[in-house]
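This report concerns only the one structure given below.
The values are calculated or read from the model by the stated rules, or taken from the named source; none is laboratory data. What you are looking at is a predicted structure, and each value in this text was computed from that prediction instead of being measured. Every residue, glycine as well, gets a Cβ built from its backbone with ideal geometry; the counts of neighbours run over all protein chains shown.
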Amino acid sequence: MSSRVVLITGVSRYLGGKLASLLSADPSIERVIGVDVVPPRQDVGRTEFVRADIRNPIIAKVIASAQVDTVVHMSVIATPFGAGGRTAMKEINVIGTMQLLAACQKAPTLQKLVVRSTTAVYGSSSRDPALFTEGMEPRAQFRSGYGKDSIEVEGYVRGLGRRRPDVDVTLLRFANFIGPRIDTPLTRYFALPAVPRMLGFDPRIQFVHEDDGIEVLRRAVLEQRRGTFNVAGSGVLLLSQAIRRAGRPAVQIPSPAVSAVGSLFRRVGLVDFSPEQMQFLQFGRGVDTTRLVEDFGYRPAYPTRAAFDDFVAGRELKRYIDPDRVAGIEQRVLAEVERRRAAHA
C-alpha cells in the first residue's frame, strides 16, 4: 500500500507545513494537498493549498475530486486562545473531525488515515502509573479541554476503523513537542524570565523533539503502520531539572494561587495555559514507547533530555542560573550529608 495523493489538514501550522514540505519533496508521492482556513506562511514545496474549513461538508468534495488515498489529520487544537475560545476549539476539534471522518468513510479511494493525537488522553493525576501504555485508560475523568476533545476524536477514529476495515488507521499519541523552532505553551513557559512551579510538586515530564515527531508522521504516511502508538523521547526530566537546565529561576507558587497565576498569564498573553495543562505541571506524565520501537520500527533520535537541551540551545535562552554550577553545589551538599551520616553511624 503506497501513498500517492496525500491530504493534510492543519497545513498552515508549523508541524502540518513541515510535513507537507517533506512529502512534497518525495518523488513517490504524486500530489500533496494542504487544507486550512488560512494560507501557510512557511514553504510547503509543491503542496497544493486549498482554503477550506473541515467543519464544512465541502471537505468531502475535496477528497473525492482529488481521489485522495491518504489523509493526515493534524487539525486538533490544544489551546482555547489560539482557536478563539473554548467553544470554537471544541467545534474545530470534535465537529471538524466528525465531518472529516464522514468524508473519509464515503471516499472509495481512501486507503490510509494518519491521526495526530496526544498523550494528554491519559490525563495527569496523583494515581497515575509510572508509564502509560497504549491500552491504559486515564485515572482521572476529563470535564472539558484538549484531553477530552482528543478522547472524543480517538473514539470517532476507531469507529471509522470498524466501519472501514480496508483503511489502514494509524493513531499517534505524541508527548509534548519541543525543539528550536516549534512554538507551544510549554516552550513559552520555559522561556519565561522566572518559571513558576507548584509548591510541593516536582512532576516527571517527557518530550518528543520536533524532528522526531515529523519523522514519525512521515513514516506513518509512507509505510504501513496500523495501530496506536505513544511517541516520546526516552527517559524523563523532573520539572525542577528542566527549569535548571534552561537556566531559569523557579518561583514556588502555593496551590491556591496557581489558578490565579495561570489566568494572569493568559490575560497578558504570556502563556495560554488551560486547567489540564496546569494539572500536567502538577503531576506530570510518562508513557511507554515499546510499541513505537518494536512494532512501528522507530527509535527517536533525541531522548527527552537531549530534546530539551536542543530547545534551550536553539532558542539561545539567556541563562540566569548556571545549571552546572547548581548541580555541582547539590552534589557537594549531598556528599557532605553522606559524610556526616557515615561519621555518626
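Check segment 279-288 and report whether any residue there is under 19 Å from Arg116 (Cβ atoms), basic (Lys, Arg) and in contact with a Pro (Cβ under 9 Å, 6 or more places away or on another chain).
yes
Collect the residues in segment 175-192 that are assigned to a strand (DSSP E or B) and among the hydrophobic types (A, V, I, L, M, F, W, C), keeping them in residue-number order.
Taking segment 175-192 as the starting set, the residues that turn out to be assigned to a strand (DSSP E or B) are 176-178.
Across segment 175-192, the qualifying residues are Phe177, Ile178.
Quick one: in segment 261-300, which of the residues that are of a type in the set (Ser, Thr, Tyr) and modelled with pLDDT of 95 or more is nearest to Leu237 (Cα to Cα)? Outline the logic, then answer.
The initial filter retains those residues of segment 261-300 that are of a type in the set (Ser, Thr, Tyr), namely 263, 274, 289-290, 298.
Still in the list and also modelled with pLDDT of 95 or more: 289-290, 298.
Values: Thr289: 16, Thr290: 19, Tyr298: 21 Å.
Among those that are of a type in the set (Ser, Thr, Tyr) and modelled with pLDDT of 95 or more, it is Thr289.
Can you name the number of the only condition in (1) hydroxyl-bearing (Ser, Thr, Tyr); (2) more than 17 Å from Ser274 (Cα to Cα); (3) in contact (Cβ under 8 Å) with a residue 24 or more places away in the chain that Tyr122 fails?
In the conditions (1) hydroxyl-bearing (Ser, Thr, Tyr); (2) more than 17 Å from Ser274 (Cα to Cα); (3) in contact (Cβ under 8 Å) with a residue 24 or more places away in the chain, Tyr122 misses (2) alone.
Might you let me know whether segment 2-23 holds any residue that is surrounded by fewer than 14 Cβ atoms within 10 Å (Cβ to Cβ), farther than 13 Å from Arg218 by Cα and touching a residue at least 12 places away in the same chain (Cβ under 8 Å)? I'd like the intermediate steps shown before the answer.
Narrowing segment 2-23 to residues surrounded by fewer than 14 Cβ atoms within 10 Å (Cβ to Cβ): 2.
Of the ones still in play, those that are also farther than 13 Å from Arg218 by Cα are none.
So far as segment 2-23 goes, no, none of its residues is surrounded by fewer than 14 Cβ atoms within 10 Å (Cβ to Cβ), farther than 13 Å from Arg218 by Cα and touching a residue at least 12 places away in the same chain (Cβ under 8 Å).
Taking the residues in segment 312-341 that are modelled with pLDDT of 75 or more and in a helix (DSSP H, G or I) as candidates, determine which candidate is nearest to Val121 (Cα to Cα). Before you say what the answer is, go through the steps one by one.
So the first thing to find is which residues in segment 312-341 are modelled with pLDDT of 75 or more, and the list is 312-317.
Of the ones still in play, those that are also in a helix (DSSP H, G or I) are 312-315.
On the way: Val312: 27, Ala313: 30, Gly314: 29, Arg315: 29 Å.
Ranking the qualifying residues of segment 312-341, first place goes to Val312.
Note down all Cβ pairs under 6 Å where the first residue falls in segment 225-248 and is closer than 25 Å to Gly135 by Cα, the second is polar (S, T, N, Q) and part of a helix (DSSP H, G or I), and they're at least six residues apart or on different chains.
Close Cβ pairs (under 6 Å, with a partner that is polar (S, T, N, Q) and part of a helix (DSSP H, G or I)) amount to Gly233/Thr304; Gly235/Thr304; Val236/Thr304; Leu237/Thr304.
Going by the conditions given, is Asp211 touching a residue at least 12 places away in the same chain (Cβ under 8 Å), among the charged types (D, E, K, R) and under 30 Å from Ser21 (Cβ atoms)? Quick ask: steps written out before the conclusion?
Details: touching a residue at least 12 places away in the same chain (Cβ under 8 Å): yes; among the charged types (D, E, K, R): yes; under 30 Å from Ser21 (Cβ atoms): yes.
It is true that Asp211 is touching a residue at least 12 places away in the same chain (Cβ under 8 Å), among the charged types (D, E, K, R) and under 30 Å from Ser21 (Cβ atoms).
Considering only residues that are more than 22 Å from Phe207 (Cβ to Cβ) and either outside any strand (DSSP E or B) or among the hydrophobic types (A, V, I, L, M, F, W, C) (or both), which ones fall in segment 159-174?
Gly159, Leu160, Gly161, Arg162, Arg163, Arg164, Pro165, Asp166, Val167, Val169
Can you tell me how many residues in segment 24-39 are part of a loop (DSSP other than H, G, I, E, B), at pLDDT 95 or above and surrounded by 14 or more Cβ atoms within 10 Å (Cβ to Cβ)?
Qualifying residue count, segment 24-39: 2.
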